[in-house]
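Remarks on the structure that follows.
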Protein chains: 2
Amino acid sequence: MNATPLPPPTALDEVLAVVRGAGGPLATETVPLALALGRVLRETIVAPEDQPPFARSAVDGFAVRVDDTATEFRIVDFLRAGDWRPRTLAPGEVVRIATGAALPADGLQVIMVEDTAVEASCVRVLRRDTERHVRERGEDARRGQPLVNAPCRLSAGALALLASLGAATPRVARQPRVVHVATGNELVPPEQTPATGQIRDSNTTLVRAFLAARGLTAQHLRAPEDFAAATTLLRDPAHGAAETDLLLISGGASVGEHDFTRRLLTDLGYEILVAKAATRPGKPLLVARRGTALAFGLPGNPLAHFVCLHLFVQAALDAFAGLPPTSPFRDGLLAADLDNDGNGRETLWPAHLVAHDSALTLEPLRWISSGDLSSLARANAFIRVPAGTGRLARGTRVAFVPTSPSP
Amino acid sequence: MNATPLPPPTALDEVLAVVRGAGGPLATETVPLALALGRVLRETIVAPEDQPPFARSAVDGFAVRVDDTATEFRIVDFLRAGDWRPRTLAPGEVVRIATGAALPADGLQVIMVEDTAVEASCVRVLRRDTERHVRERGEDARRGQPLVNAPCRLSAGALALLASLGAATPRVARQPRVVHVATGNELVPPEQTPATGQIRDSNTTLVRAFLAARGLTAQHLRAPEDFAAATTLLRDPAHGAAETDLLLISGGASVGEHDFTRRLLTDLGYEILVAKAATRPGKPLLVARRGTALAFGLPGNPLAHFVCLHLFVQAALDAFAGLPPTSPFRDGLLAADLDNDGNGRETLWPAHLVAHDSALTLEPLRWISSGDLSSLARANAFIRVPAGTGRLARGTRVAFVPTSPSP
C-alpha cells in the first residue's frame, strides 16, 4: 500500500527551492485600496499626470511677478488650496496664496507671509530673496513615469502614493484559497475540557493566526485519523477541494501521522516532492503538488508548526504572490549561550529577538520538548543552528528568521 | 473667536507624555481566539490543570515497568495519542505506545522503538538505558500557575498557548471606536480626476491602512473646510459622535487648517492639550481630550501624517489598550550621510531600515518636501534628528522608529 519509494530527507535549502519551484504565481485581480494593505502589486504604477500636476505654492504668502521689483503691492485675489483662478498680474499686483494652492500664472514668485506686512488690501514686502517657493509642475515626476514597480508588497505608505496617483483599484496577486485540516484522535477543541489522554488543539489557532497576520483566511477542518473519513471530508465539494491552492494538514500523533498524511495526499492526487526534511523540528514534513496546488503535511508538534509555517509555507505564499525568491534568514548575535547538542540535523531554535544598541540580538529560549508551547509564546524568531554544532557562545553571529514585527 | 490662549509648542517627549496621560485604558471584553490576534490581553492566564495533565510518552516505543529487567516482553496493548486505558503491568508485559499517548500506569519507562526488535506479539529489547522518555504530569506547569501575564499583545504563538490552556475566549481591551475626517477643499477621492488646483486625498488611505495593520477600522468621513458643515457632520448621531474614543482630523491646507481644526475641536467640547509640536514635520499638531476620548488634528501633508500616526496616535492606542508606556525609539546606524540643516525643531527624517550583518542600518530617504509621497512609499522607519543638528555622517548612531515589520 505504501510501496511508493520515498526520496531521502531533504536539506532545508533544498526544501525552500522545491517549494519555490512548485508554487507558481497566481492570477491577478483588482482590489480597492481599502483592501490592498499587504497585497502584492503585480502592475507597474505610472504617474497619470505630471507630479505635481500644476505649479503650487510651497508656503503661505503673496505671489508676485519675478520681474516686479516694487515693495508695495495691491492684493487682487486670495487663492486657497483647491482654487483655480488663472490671471495675469499687472505690475504692483499680488495674489495672496495659501500653501498648496495653484499659482495663477507662470513667472511668479511667492514671498512668505512672514516677510511681509499687510494693511487692508495692501502688502509691503519687508524682505525678498531669490527663492521662488514654488513646487513646479512635474518636479517630482513626469506623466507616464513609473513610480511603483511590481512586484512589491503594498505598505501603508505605498498605498498612500497609489491614492495620490489615482491608482484606486490596483492589480494584485489574488489570494490563495487555503484549506487547513487538523488531524489527531487526541485533539479536542480549545473550549472543551480534555479527558485523560486528550489535549486541546492548538495548531488550528496557530495556523489561523499565521494566516490572519498575512491577510489570509482558511477553511479549517478537523478530521479523525481515519483514512476513509478524512478522504471523504477533503473531497467534499462543499469544502472547495477542487479549487484549493494550498492544503495544510496538521498531523496528529496517534497512528503514524506521517504515513497517514502521505497516504491521504497521494490518494487526493498529490505528488510527494519532499517526504522528510533534514531539520529539527520538522523532520516529518511533507511537501506535495497537484497541478498548481501545493500541500504541506506539517508535523503535529507546535514548534515544528511554527518553524515550518514561517520557513516553508511562507515561501509558498511568496511564490503564489509572484515575489522573487529571497532568503528568509537575517544575521544576529547571540545574547546568551546556546546549548545545542551536536545533532545531525539542522536545528531551528526558538528565540527572542531584541534590538540592543544598534544590533539584532537573539536570546535562545528554553526548549523542553518540540511540543513546548511556553517558549513558542515568547518566540519572535528562530535561530538556524548548522548540523553537528555543539554549544554556541554568547556573541556568536547566527542566522535567524524573524517571525513577528520589529523588536 | 480664537481668543483662547494657546500653550507654546510642545517638545516631542512631552507630547508623548501628554497623550499617555490623557488616554486611559478602555474597558475589556472577551473575544474568541480566532479574533484575538494582536489584541491586548488584560487577564492573567493560568494553567487550568497540570501541564501536561497526564504522563505522556515522549517517543514511539514500549512502556515497561522500571523494575522489570527482562529483555523479552509480551505486548499486551497498543496505546495511541488520545487513548486512555489504565492498567497494571505484570512482569514480562509491555504496552506499545505512541508519542503523546498517556502512560497506562505509574512507574513506567518507555523504550524507544529503535532500540527493540518486534516479532508478532513479542518484543526483544536490544538496548536499554535509564532515560524514561516520559513527559511527567505537571513538568511544564502546575495547575493555577500563571503562564501568560497581562497586559501583553497576543502573538500567534501566544494564541496557540492560550488554545492549549483552554483560554478560548480571552479577556482583552476593547477596540477604540475611531472616526477619521479628511478636511480640505482641494481634495478629491482617489478614483476621481482632479481639476487644476485639486489633488487626490491620500491621507484617508494612509490612516485606514495604519489602522488596518493594527486590526482597527474607522469610520471615514470627508468634510469641506466649512465650519458649520463640518460641525454638523461630526455631531451627527449617525456617525456615533458620542461614542467616539479617537477622533482623527486630517487637516486640509485651504483655509488655515490649524485654526479650522482647533475651532472644530473646541466647538465639539474638546480641551486642547497640545496646540503645536516642536517637531518637523508635524508642527501644526493638535492633541485634545473630551472625557476619556482623544482627538488629534493631523497636519495635512502625508509625511506629517506618517510621523504623527506612528509616534503619537500609536501612543494613544497603546494607552487605550492598557499597555505600559514604552519608548518608540530604537538605535541604529546611518547607512549614508544625513544632510540635516540645523533646523531649530526636532526633525523626523523618513528612512529605509535594513538589517546589515547583525546591525540595524538606516538609509535616509530623499525628502523634497513635507508632502513627498515617493519617499513615504519606501519609508519603513524615521530617524530622530535632534534640534540644531547639521549633517550627520554615515555610521553615526541614531534613534529611529520602525514603522513596518522587521527588515
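Between the amide H of B:Arg345 and those of B:Gly388, distances stay under 5 Å, these residues lying 5 or more places away or on another chain, with hydrogens modeled in the peptide plane. Across peptide B:329-335, the average count of Cβ atoms from other chains found within 10 Å of a residue's Cβ is 3. A point 7 Å from Cα along Cα→Cβ stands in for B:Asp267, and the other copies hold the same point at 7.0 nm, listed in rising order. Going from the residue with the fewest nearby Cβ atoms within 10 Å to the one with the most, B:Thr326, B:Thr116, B:Thr169 rank B:Thr326, B:Thr169, B:Thr116.
Among the GluC sites (Glu not before Pro) within the stretch B:96-200, those in coil by DSSP and having at most 15 neighbouring Cβ atoms inside 10 Å are B:Glu131, B:Glu136, B:Glu139, B:Glu191.
Note on A:Asp106 and B:Cys122: the model spin-label points, each 7 Å out from Cα along the C-beta direction, lie 10.5 nm apart. Sorted ascending by nearby beta carbons within 10 Å, beginning with the fewest, A:Ile272, A:Ile199, A:Ile383 become A:Ile272, A:Ile199, A:Ile383. Backbone geometry of the stretch A:388-393 corresponds, through the Karplus equation with coefficients 6.51, -1.76 and 1.60 at θ = phi - 60°, to 3J(HN,Hα) couplings of x, 7, x, 5, 10, 7 Hz, x marking Gly and Pro. For B:His356, the residues whose modelled amide H falls within less than 5 Å of its own, excluding neighbours fewer than 5 places apart on the same chain, are B:Thr361. Start at zero, step by 10 Å, and the Cα-Cα distances of the protein assembly as shown spread as 2, 12, 20, 22, 17, 11, 8, 4, 2, 1, 0, 0 percent across the bins. Phi-derived couplings, Karplus 6.51 cos²θ - 1.76 cosθ + 1.60 at θ = phi - 60°, listed residue by residue for the stretch B:141-149: 6, 9, 3, x, 6, x, 10, 9, 8 Hz, with x used for Gly and Pro. Of the residues B:Asp267, B:Asp236, B:Asp357, the one that moves most in a GNM of chain B with alpha-carbon contacts below 10 Å is B:Asp357.
Rounded to the nearest 10 degrees, the angle from helix B:12-22 to the longest Cα principal axis of chain B is 70 degrees.
Within a Cβ distance under 13 Å of B:Val385, other residues only, what is the Lys/Arg minus Asp/Glu net charge?
Working: positive: B:Arg280, B:Arg345, B:Arg384, B:Arg391, B:Arg397; negative: B:Asp337, B:Asp339, B:Asp341, B:Glu346.
Summing Lys/Arg as +1 and Asp/Glu as -1 gives +1.
Based only on other Cβ atoms within 10 Å, what is the fewest-to-most ordering of B:Ser327, A:Ser57, A:Ser375? Don't skip to the end; give the middle numbers.
On the way: B:Ser327 9, A:Ser57 26, A:Ser375 22.
Going from sparsest to densest Cβ surroundings: B:Ser327, A:Ser375, A:Ser57.
The calculated 222 nm mean residue ellipticity attributable to helices in chain A amounts to -5000 deg cm²/dmol, summing -39500 (n - 2.57) over DSSP H runs of n ≥ 4 and dividing by all residues.
Other protein chain C-beta atoms within 10 Å of residue C-beta, averaged over B:88-100: 2.
Label points for B:Gly215 are taken 7 Å from Cα along Cα→Cβ. From this copy to the others they lie 1.9 nm apart, shortest first.
Give a quick list of trypsin sites (Lys or Arg not before Pro) in the stretch B:104-156 that DSSP marks as loop, anything other than H, G, I, E or B, with at most 11 other Cβ atoms within 10 Å.
Values: sites: B:Arg124, B:Arg127, B:Arg128, B:Arg132, B:Arg135, B:Arg137, B:Arg142, B:Arg143, B:Arg153; in loops: B:Arg127, B:Arg128, B:Arg132, B:Arg137, B:Arg142, B:Arg143.
Passing sites in the stretch B:104-156 are B:Arg127.
Antiparallel beta bridges, as assigned by DSSP with both residues in the stretch B:56-135, represent about 80 percent of the total such bridges. Taking all Cα pairs closer than 8 Å and separated by 6 or more residues, the relative contact order of chain A comes to 17 percent. A simple spin-label model places the labels of B:Asp331 and A:Glu29 4.7 nm from each other, with each point 7 Å out along Cα-to-Cβ. Dipole of the stretch A:56-135 computed with +1 at Lys/Arg Cβ and -1 at Asp/Glu Cβ about the Cα centre; of A:Ala102, A:Val59, A:Gly92, farthest Cα towards the positive end is A:Ala102. Less than 5 angstrom separates the built amide H of A:Val46 from those of A:Leu147, all sequence-distant by 5 or more or on a different chain. Each 5 Å bin from 0 upward holds the following percent of the Cα-Cα pairs of the stretch B:278-407: 2, 10, 20, 23, 21, 13, 7, 3, 1, 0. With both bridge residues required to lie in chain A, what share of the DSSP beta bridges run antiparallel, to the nearest 5%? So the antiparallel bridges in chain A amount to around 65 percent.
Is the C-alpha gyration tensor of the stretch A:56-135 telling us rounded, prolate or oblate? Criteria: a/c under 1.5 is rounded; beyond that, a/b larger than b/c is prolate, otherwise oblate.
Details: a/c = 1.33, a/b = 1.26, b/c = 1.05.
Rounded, since a/c falls under 1.5.
Per residue, the average separation of C-alpha pairs within less than 8 Å and at least 6 apart gives the stretch B:330-402 a relative contact order of 49 percent. For Cα pairs less than 8 Å apart in space and 6+ apart in sequence, what is the mean separation divided by the residue count of the stretch A:236-395, i.e. the relative contact order in percent? After rounding, I find 21 percent. Here the Karplus curve 6.51 cos²θ - 1.76 cosθ + 1.60, taken at θ = phi - 60°, turns the phi angles of the stretch B:151-166 into couplings of x, 8, 7, 7, 8, 4, x, 5, 5, 5, 4, 4, 4, 5, 9, x Hz, with x standing for Gly and Pro. Principal axis extents of the C-alpha atoms in the stretch A:330-402 (largest first, rounded to whole Å): 33, 25, 18.
A short reminder: the numbers here are calculations on the coordinates, not readings from a lab. Keep in mind it's a predicted model, so treat the numbers as computed, not measured. So basically every Cβ, Gly included, is an ideal-geometry build from the backbone, and we count neighbours across all protein chains shown.
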